[in-house]
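See below for the structure under consideration.
The values are calculated or read from the model by the stated rules, or taken from the named source; none is laboratory data. Predicted model only: the values in this text are computed from it and were never measured. FYI the Cβ positions are ideal-geometry reconstructions off the backbone, even for glycines, and counts take in every protein chain you see. Ligands, DNA and RNA are stripped out before the accessible areas are found, and what is left, the full protein with its side chains, is counted by its heavy atoms. Shrake-Rupley method; radii C 1.70, N 1.55, O 1.52, S 1.80 Å.
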Amino acid sequence: MVVLFAAQLAEPHGPRGAVFGALLVLCIFGCVVLHELGHGLVAQRFGVAVREIVLLPIGGVARLLSEPKKPLHELLIALAGPVVNVVIAGGLYLALRSGGIPAFDLEELQKQGLTTPSIRSLLVLLLYGNILLAAFNMLPALPMDGGRVLRALLSFFVGQVRATNIAAGLAQLLAVGLAIFGFQHNPFLVFVAILVFMGAGQERATARTNVLLSELRAGEVCDPHAVIFAPGDSVGAAVDQALRSPQAHFLVSHGETPLGTLSRDDVIGLAGRTGLHAPVAGIMRRTLVRVPPDMSLTDVRRLLQENGGAPVVVQAEDGALGVLGLDDLARIASLSDLLARGGVRRPVAADPETSA
Ligand SMILES: [Zn+2]
């Protein structure tokens, strides 16, 4: 993007234009970073960790480790980004006004050349850039900020799932409109429309699996026939087992006492280094995160995401029931989704009162 803008402005304005173009893009991406930090800081205030901020040619994304628990939290997190741009735009406007520059007199600005390299042009373009960033992100199209605001507001009245369905439907309608407009005016908008359309579909699917997972308890999905290793069992035995069964995580247990967990990926990845005769105790994960059997799978998933994917041990009073990892929940979610399409709900929720 930096090279592209530099080249574009080097044509009419020479090397000065190239520097100006590069500086402009860097400043705009700086504002995008501040926008994402706005989301991130508010998210952290509500106990939602931020995994990373990713910059893309079309903007940025603040990836959260888990979803906000309450609609009010989602509302404030979503608003925080555009608010940052409004604040920056306000500051730029005041700075320009105190310098006697008419920031909104487009005719006058165009006469002096909007992209002629100068501090004044830079500030004016950044002002417009921030207004555009705020306005564009506030379009009520999930998964953009405006769509999240809309979903959060609807959630207060119709619940999260219906709110998501309504917001996603509106977003896909807007995306189709944007694509038609883009075909006639700007192919870049078609690209954005496709991203919005797919993003909205993804949000809808996520909301649906959230409901399905919230109706299941950790204890209900543990396999009573799951293979359990003793600490002295060999890595070779674990490799054989990994090839024979789709089980993704294994409990390593001394009698009834859980000592650690072993993931299939670790077994396969480390077998070459440890040799097949080494005991599994040497490669097991020793930190045990225990969850009760009646914990809902949405809570289990949140815990897994917050722990960076380390599996949890489902612990009943009379012993461990099994190990669950993110891959298990993904499998359960997709199977539950297929079953729900056929009108089947299994296994029956342990506590129907809290599963509604
Ligand atoms: Zn945003």
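Figures for the structure shown
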{"read-out": "Out of 109, 154, sole residue that is in contact (Cβ under 8 Å) with a residue 12 or more places away in the chain, under 30 Å from residue 71 (Cα atoms) and open to solvent by less than 60 Å² (accessible area, probe 1.4 Å)", "value": "154"}
{"read-out": "Every residue from region 54-72 that is of a type outside the set (D, E, K, R), within 15 Å of the ligand (Cβ to nearest atom) and either out of contact with any Gly (no Cβ under 6 Å at 6 or more places or on another chain) or part of a loop (DSSP other than H, G, I, E, B) (or both)", "value": "54, 55, 56, 58, 59, 60, 61, 64, 68"}
{"read-out": "Subset tally (residues that are touching a strand residue (DSSP E or B) at 6+ places or on another chain (Cβ under 6 Å) and either open to solvent by 70 Å² or more (accessible area, probe 1.4 Å) or under 15 Å from residue 218 (Cα atoms) (or both)) for region 277-295", "value": "8"}
{"read-out": "Test for residue 58: is it surrounded by fewer than 19 Cβ atoms within 10 Å (Cβ to Cβ), among the aliphatic types (A, V, I, L, M) and touching a strand residue (DSSP E or B) at 6+ places or on another chain (Cβ under 6 Å)", "value": "no"}
{"read-out": "Checking residue 82 against (1) within 16 Å of the ligand (Cβ to nearest atom); (2) under 15 Å from the mean Cα position of the chain (by Cα); (3) in contact (Cβ under 8 Å) with a residue 60 or more places away in the chain; (4) open to solvent by less than 80 Å² (accessible area, probe 1.4 Å), the condition it does not meet", "value": "(2)"}
{"read-out": "All positions within region 316-329 that are open to solvent by less than 50 Å² (accessible area, probe 1.4 Å) and in contact with a strand residue (DSSP E or B) (Cβ under 6 Å, 6 or more places away or on another chain)", "value": "320, 322, 323, 324, 325"}
{"read-out": "Residue match in region 29-48 (condition: under 23 Å from residue 207 (Cα atoms), buried (at least 18 other Cβ atoms within 10 Å of the Cβ) and more than 12 Å from the ligand (Cβ to nearest atom))", "value": "yes"}
{"read-out": "Criterion: touching a residue at least 60 places away in the same chain (Cβ under 8 Å), farther than 16 Å from residue 322 by Cβ and basic (Lys, Arg) - qualifying residue of 208, 286", "value": "208"}
{"read-out": "Residue 145 vs. criteria among the acidic types (Asp, Glu), under 28 Å from residue 35 (Cβ atoms) and touching a residue at least 40 places away in the same chain (Cβ under 8 Å)", "value": "yes"}
{"read-out": "Qualifying helices (runs of 4 or more DSSP H) (wholly inside region 260-356; at least 1 residues being under 26 Å from residue 208 (Cβ atoms) and at pLDDT 90 or above)", "value": "297-306, 326-341"}
{"read-out": "Some residue of region 196-215 being of a type in the set (Val, Ile, Thr) and farther than 24 Å from residue 330 by Cα", "value": "no"}
{"read-out": "Test: residue in region 88-104 that is within 14 Å of the ligand (Cβ to nearest atom) and either touching a Leu at 6+ places or on another chain (Cβ under 7 Å) or farther than 30 Å from residue 206 by Cα (or both)", "value": "yes"}
